[in-house]
Amino acid sequence: MKHLPELLLPWFAEHRRNLPWREDREPYHIWLSEIMLQQTRVEAVKPYYKRFLAALPDIAALAHAPQEQLLKLWEGLGYYSRVRNLQKAARQIVDQHGGIFPQEYDEIRALSGIGNYTAGAIASICFEQPTPAVDGNVLRVLTRYLAWDRPINDEKTKREAEAMLSPIYPKSNCGDFTQALMELGATVCVPNGAPLCSICPLRLRCLANKNSNQLLYPKKAAKKPRKEEHRTVFVLQCGDNLALYKRPENGLLAGLWQFPDVPQRLDIQEALAQAELWGLHPSGIEKVIDREHIFTHVHWFMTAVYLKCSQEAVFEWFSKDEIRENIGLPTAYRQFLEE
C-alpha cells in the first residue's frame, strides 16, 4: 500500500483526463460533479454539469432555486433525491456557514446527501486533506492490487479500504492522489472486461496481475433480485394539452410530475373504463405501446395507452411545449412524451 502514491501521482500527472470539473478546485463545482457522477457515466454528466452551472452558478443560487427549475435541470439524470439533497445542503451552507463551503471533513460529512465518499473527495481535492474517497473504481483497483477477496458491495469493505488508505496519503498532492485512484479505476483497471494491465502503473506490484487472475476480482455478494411491477400509463390528450399529476413527496420519484398510471396491466376496455371513472370522457384509444424501465431495486413493465379526451378533469393539464421547457419528467415517463 505504501507504494501507491509514488506509482500513481506521476502517472496521473501525465494521463489525467481533461474534465470540466477539473478546471478548478472550487468546492461547489467538485461537489456538484461528484453528486452527478453517482450512478451516472462521465460522458452523460458533462452536458448536465455545464447546463446546471450556467443556470445556478453558485451555492446561493442553488439554495434559492425554485423546485421546478431544479428538477428540470436534473431531468434524465435519475435518482432525483440527489438534487433535492443538493439544495438542502446548499441551504445548510447558507444558514450555518454564511454561504461558504465548510473545509473540515466532519462538517462536510454533516451536509445533506453527503456520505463518506463525497466528503472524502471534497476534503482532499478542494482542501488537500488526507481523506480517502472510496467508490467502486477505487475498490476495484484495491481488490485486484491486493488480491483481496472482500465483497465490494459490503459497506464494511469500504470502511476497511478507507482505513488502509488513510495512513498512506502523501503530505502534499492529496487531491491528486484521490483523483489518481479514481482515474485508474475508470480508465485502466476498468469495470467491464479485462483491465488494461500492460499500461497500468501498478502492474509490477499488483497481485492479481502477478497471478494472472485479474478477472476474479472484484468479488461481489449476491444481490436480491429486482422486484417486478406492471403499470398502465395513460397519455391523455384534451385539445392541445396532456394530463400530468405530481407524485407524493416521499417514496420512489418523490414529488415529480408524471403521466397518470395505475399499478397493474389493463386491457383496452379496462383502460377506457378507468378514464371514464376519472371523468375524462375518452373518445377512443389511439395506440398502445409497451416499454420497460429499470430502477435499482424494481423493474417496471409499462403499457402506455394514448387516449383522446373531451373533458379536462382530475389532473393538471399542460401543452407539450410547456412540458418540454418547464417540467421535469422522470425518464420512466418521459419516454412516452415523443412517441
Original post:
Quick one: Karplus J couplings for segment 90-97, per residue in order, coefficients 6.51, -1.76, 1.60, θ = phi - 60°, nearest Hz, x for Gly and Pro?
Top reply: 4, 5, 4, 5, 5, 6, 9, 10
**OP:** Net charge near residue 20: determine it from the other residues with C-beta under 9 Å of the C-beta of residue 20, scoring Lys and Arg +1 and Asp and Glu -1.
**Re:** +2
Subject >> Unit charges at the beta carbon, dipole of segment 214-339: most positive-side option, 218, 295, 314 >> reply: 218
Original post:
Applying the Karplus parametrisation 6.51 cos²θ - 1.76 cosθ + 1.60 with θ = phi - 60° to the phi angles of segment 184-197, what ³J(HN,Hα) value in whole Hz is obtained for each residue in order, glycine and proline being reported as x?
Top reply: 4, x, 7, 10, 10, 8, 6, x, 10, x, 6, x, 8, 5
**OP:** Could you work out the Kirkwood radius for segment 180-329, taking every pair of different alpha carbons, averaging 1/r and inverting it, reported in Å?
**Re:** 19.3 Å
Subject >> MRE, 222 nm, helices only [DSSP H, n ≥ 4, -39500 (n - 2.57), over the chain, to nearest 500] >> reply: -12500 deg cm²/dmol
Original post:
Using alpha carbons only, how many degrees (0 to 90, rounded to 10) separate the axis of helix 4-15 from the longest principal axis of the chain?
Top reply: 60 degrees
**OP:** Scan around residue 76 for amide H atoms under 5 Å from its own, H built in the peptide plane at 1.01 Å from N, and keep only partners 5 or more places away or cross-chain.
**Re:** 331
**OP:** Mind running the shape call on segment 76-230? Use the C-alpha gyration tensor, a ≥ b ≥ c as the square roots of the eigenvalues: rounded below 1.5 for a/c, prolate if a/b tops b/c, oblate otherwise.
**Re:** oblate
**OP:** Using Cα positions and a limit of under 13 Å, work out the aspartates and glutamates in reach of residue 320, with same-chain residues fewer than 8 apart set aside.
**Re:** 240, 338, 339
Subject >> Cα-based reach from residue 46 at 17 Å (exclusive), listing lysines while leaving out same-chain residues under 8 positions away >> reply: 72
Subject >> Per-residue ³J(HN,Hα) for segment 46-60, Karplus 6.51 cos²θ - 1.76 cosθ + 1.60, θ = phi - 60°, Hz, x for Gly and Pro >> reply: 3, x, 5, 4, 5, 5, 4, 5, 5, 7, 10, x, 8, 5, 4
Original post:
What pairs in 88/171; 2/220; 224/287 have C-alpha atoms more than 31 Å from each other?
Top reply: 88/171; 224/287
Original post:
List the aspartates and glutamates whose alpha-carbon lies under 12 Å from that of residue 156, not counting same-chain residues fewer than 8 positions away?
Top reply: none
Subject >> Cα-derived Rg over Rh, computed across the chain with Rh taken as Kirkwood radius >> reply: 1.05
**OP:** Pull up all non-local amide H partners of residue 114: gap of 5 or more, or a different chain, and H-to-H distance under 5 Å with H placed in the peptide plane.
**Re:** none
Original post:
Between residue 19 and residue 112, what is the label-to-label distance in nm when each label sits 7 Å out along the Cα-to-Cβ direction?
Top reply: 2.6 nm
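Values quoted throughout were computed directly from the atomic coordinates according to the rules given, and no laboratory measurement underlies them. Given the structure is predicted, the values throughout are model-derived calculations rather than measurements. Glycine gets a Cβ as well: all are built from the backbone with ideal geometry, and neighbour counts include every protein chain shown.
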